[in-house]
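Before any comments, here is the structure.
Values quoted throughout were computed directly from the atomic coordinates according to the rules given, and no laboratory measurement underlies them. What you see is a predicted model; the values in this text were computed from it and never measured. No Cβ is skipped: glycine too gets one built from the backbone with ideal geometry, and neighbour counts run over all protein chains shown.
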Amino acid sequence: MSINEKKSFQLYHDLVGMVGVMSDEQAGKLLKAILSYVNAEPLELDDPVVLVAFQPVKQTLDRDHEAYRLKSEQNRKNARKRWHADASNGMQSHANGMRKDANHADTDTDTGKDTDKKTLPPLSPKGEQAKRKTQLSDDWQPDLEYAKQYGMNPELAFEIFSDWAKSKGHTYADWNLAWKKACREWLPDQCTKAVANQVRSGQPSQQSTGATCPKGRPYPPGCHYDKDQQLHRGPTGWEIDEERIMKMWQDLGNEENAKLWKPFDWADFQDMEAAI
């Protein structure tokens with residue numbers, strides 16, 4: 001199922017912070033880019049600011065679409081299971097009726113007496129007892145690598161998930177499935193909010209506060225370097241570029257660090273070359 005086969009899509013409230021610093025023209029281009037993407041039309045992104053702003057929106061749309069696809073597939077499987085169960089129950093009822101008739105059938109021997117009747121054994125019940133639901137145990141460990149697939153810090157995601165499960169007293173028959181569903185649906189947004197609150201309050205972030213890139217330049221709180229993919233990642237796990245990191249330092253009021261992340265400008269290089 002492709003993303004343009006759905007009739008609708010979601011945008012989230014935290015997008016207002018990004019759109020708020022854009023001009024009306026840039027915001028309009030961003031909206032057009034989003035609509036083109038969800039309708040599988042060619043993208044025209046000639047503005048670098050719009051291009052940077054579009055990337056996290058695109059990843060959110062892809063993540064929501066994947067969750068929708070998995071949920072639809074699970075619903076189809078459940079429907080097939082119910083259909084087979086109904087058909088099997090009908091066949092079992094018919095078989096029980098035939099056995100009941102056989103139990104009452106006349107099975108006379110050559111003696112002429114009804115002393116040769118045999119009772120057929122009943123059909124064994126089909127299926128096993130449903131697994132009992134339990135609360136989250138203290139020794140349960142999730143698949144942390146699964147959280148990384150959705151751009152989250154696994155330890156932070158596990159902490160939020162555990163607090164949610166224990167504080168609400170939730171019960172599940174399979175906590176591994178509950179964890180994976182949370183990673184696909186609501187944990188990424190909660191991790192984003194947690195990191196943002198830590199940065200605003202000045203608390204250290206679990207997304208590696210104080211980290212530096214391979215060139216030794218300091219990252220803003222919540223950012224880190226992805227060694228496997230060899231790229232910069234922001235607090236929510238999205239890929240970010242040098243210009244975005246510079247803007248984050250400027251927002252934090254640290255112009256000294258912001259200058260270290262200023263993207264290379266060929267015009268500046270040519271001016272220096274001309275001066276020499």
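Measuring r between the beta carbons of E243 and D143 and using R0 = 41 Å, the FRET efficiency lands at 0.75. Extending 7 Å from the Cα toward the beta-carbon at both L31 and K262 defines two label points whose distance is 3.5 nm. An ellipsoid equivalent to region 8-78, defined through the eigenvalues of its Cα gyration tensor, has semi-axes of 28, 13, 9 Å when rounded to whole angstrom and sorted largest first. Each peptide in 225-232, 175-182 receives the mean, over its residues, of other Cβ atoms within 10 Å, and ordering these scores from highest gives 175-182, 225-232.
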